[in-house]
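Trainee: Please read through the structure below; I'll follow up with questions.
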Amino acid sequence: MANSNTKTSESAHEAGSTFVPVEPFEIVVFGGTGDLARRKLIPSLYHRFCDGQIPKDSKIIGASRSKLTRDEYLIMIKDAYQTFVKDETFSEKKWDAFCKLVDYAAVDVTTDKDWAGLGEKLDKSQKLIRVFYLAMPPALFSNICQGLKSAGLAHKQSRVVLEKPLGHDFNSADDINEAVGKVFSEKRIYRIDHFLGKETVQNLLVLRFGNVLLEPLWNRDSIEHIEITVAESIGAGGRGAYYDKSGALRDMVQNHLLQLLCLTMMEAPGSTDADDLRLEKIKVLRALAPITAENVEETTVRGQYVKGKVDGESAPDYLTDVDFEESDAETYVAIHAEVNNWRWAGVPIYIRTGKRMSARRSEIIVQFKPVPHSIFGQGIPVNPNKLVIRLQPDEAVNLWMEIKEPGAGGLRLKTLPLNLAYADNFTVRYPDAYERLLMDVVRGNLSLFMRRDEVEAAWIWCDGILNAWKEVDQKVSYYPAGSNGPDAADRMLAKQGHDWSEIK
Ligand code: BG6
């Protein structure tokens, strides 16, 4: 579940008033009483409604098995909004206006009996854009799509959004894609990875392809290694049943981290059109050096947190968090990946993600090579340049440079950043990732969603790692909650003469 970092304010809504309204639409959120809907999807729709982007004749229908009335559902989503979203200028008036769009349908997707009732709530003229958002376990995706088809609810204007995880390996993802594909054509399927909705992740494209400076250096000749970190300080508590079967590789690497890797390593696409972009990402995924039983122990580290302290507060171990007696699930994974192509051959790409680490921090670090020869003589170290792209929190781009420290006392070099901090430059509200993605679904823009072959290519690489772990019986290494991860991960990089950045 994504954390809320939405800074909402009345003035911020007004400041961002360049919003172009989308066409009227209706959205059915399956899993409408679930965590994702209550914490993220409904608040995102509310924010875009306040921004004037959602027309008043749109409909938002929460659907789930619970037998709730519309009024009970409205109370539930308001409670959730007030609990999870820090909105200092919450307006009852706006919320009430938003609620006029909201309805609720009790639908048990495992039976046939409720589809007609759902159909009653949908636009009879079939003119509205119709979105089905499946925020439910993927094992139910096939049932839902079949149910929609048999009840005649999936008309030509309709599209489906598939929430992750999309399966637990290549085969299960393939089954899901087949089942969904029987009802919705590929261009009506929106496979979501909410990281792609983050402002700073989209900025990777602008940074790389909107500036001429980086491209000549963006290759094996100038880059020593790349580090991609997505560290979280929260634990896995509350989601144990899902998380323990998944682990960090499936939960984070197969999707979010590989997406970051693709955007960092891919060639320039011809345009930002969906297929131009996705084609370039797929090429990167297919070029990833396979990890097998022969090299898995040198190239990966699995970790699990034990008790420790996060932000000065004691934090329990993973087993206590998820209330299990034993588990070998990894809550941390570090991988030494490589992309086998002319641009990147031999450049280590270190990726890591973990729960209950010392801080919440997502960052891409491009470590450049040292200057070929120092003119400053021995005893004056010249640090290589480093580009740090901070995705969250404190969004920023820092280019670390060597400069001369002013003053008497001989020549001294200092390493300082050219600092492009978002907070210093932008005052608009940062929309939650889901806001943009939901509006893109309505607009029919697939650029920030995954194509079937893209998801499958990511699974093929991850399956290699999962199978290798099984084959060599690679166990988790333990790390204290609130640390930077297991020592084994430091040793993995030390062997290459590198080290991880500190997470703080
Ligand atoms: C989700 C994962 O996809 O992303 C969670 O399932 C993780 O385990 C979350 O906590 C992180 O998202 P964000 O937006 O909070 O960085």
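The values are calculated or read from the model by the stated rules, or taken from the named source; none is laboratory data. Given the structure is predicted, the values throughout are model-derived calculations rather than measurements. Cβ sites come from the backbone with ideal geometry, for glycine too, and all protein chains shown count toward neighbours. Heads up: the accessible areas ignore ligands, DNA and RNA and are worked out on the full protein's heavy atoms, side chains in. Shrake-Rupley method; radii C 1.70, N 1.55, O 1.52, S 1.80 Å.
Trainee: Collect the residues in segment 145-192 that are touching a strand residue (DSSP E or B) at 6+ places or on another chain (Cβ under 7 Å), of a type in the set (Ser, Thr, Tyr) and farther than 20 Å from Leu36 by Cα, keeping them in residue-number order.
Mentor: Ser158
Trainee: Regarding Arg390, is this residue open to solvent by 40 Å² or more (accessible area, probe 1.4 Å), within 16 Å of the ligand (Cβ to nearest atom) and in a strand (DSSP E or B)?
Mentor: yes
Trainee: What's the total number of residues in segment 393-417 that are of a type outside the set (Val, Ile, Thr) and either touching a helix residue (DSSP H, G or I) at 6+ places or on another chain (Cβ under 6 Å) or touching a residue at least 24 places away in the same chain (Cβ under 8 Å) (or both)?
Mentor: Count: 8.
Trainee: Applying the selection to segment 234-273, what residues are within 13 Å of the ligand (Cβ to nearest atom) and either under 24 Å from Leu387 (Cα atoms) or in a strand (DSSP E or B) (or both)?
Mentor: Matches in segment 234-273: Met252, Val253, Asn255, His256, Leu257, Leu258, Gln259, Leu260.
Trainee: Moving to a separate point now. Quick one: in segment 45-77, which of the residues that are free of Cβ contacts under 8 Å to residues at least 60 places away in the same chain and among the basic types (Lys, Arg) is surrounded by the fewest Cβ atoms within 10 Å (Cβ to Cβ)?
Mentor: Here the answer is Lys67.
Trainee: Just to be sure I understand the filter: pairs with C-beta atoms under 9 Å, separated by 6 or more residues or on different chains, first member in segment 352-363 and near the ligand (Cβ under 9 Å from one of its atoms), second member of a type in the set (Lys, Arg) and open to solvent by 10 Å² or more (accessible area, probe 1.4 Å). Which pairs pass?
Mentor: Ser362/Lys198; Ser362/Arg390
Trainee: Assess whether Lys156 counts as being open to solvent by 30 Å² or more (accessible area, probe 1.4 Å), at pLDDT below 95, more than 16 Å from the ligand (Cβ to nearest atom) and closer than 19 Å to Leu446 by Cβ.
Mentor: Yes: the conditions hold for Lys156.
Trainee: Could you grab me the full set of residues in segment 208-226 that are under 13 Å from Leu263 (Cα atoms) and either part of a loop (DSSP other than H, G, I, E, B) or open to solvent by less than 30 Å² (accessible area, probe 1.4 Å) (or both)?
Mentor: Within segment 208-226, Arg208, Trp218, Ile226 qualify.
Listed here are the residues, each with its yes/no results for (1) open to solvent by 80 Å² or more (accessible area, probe 1.4 Å); (2) over 29 Å from Pro431 (Cβ atoms).
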position: His336; (1), (2): no, yes
position: Ile351; (1), (2): no, no
position: Ile364; (1), (2): no, no
position: Pro381; (1), (2): yes, yes
position: Lys386; (1), (2): no, yes
position: Val397; (1), (2): no, no
position: Glu402; (1), (2): no, yes
position: Glu405; (1), (2): no, yes
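Trainee: Look at segment 175-207 and say how many of its residues are part of a helix (DSSP H, G or I), surrounded by 17 or more Cβ atoms within 10 Å (Cβ to Cβ) and away from the ligand (no atom under 16 Å from the Cβ).
Mentor: Final tally of qualifying residues: 5.
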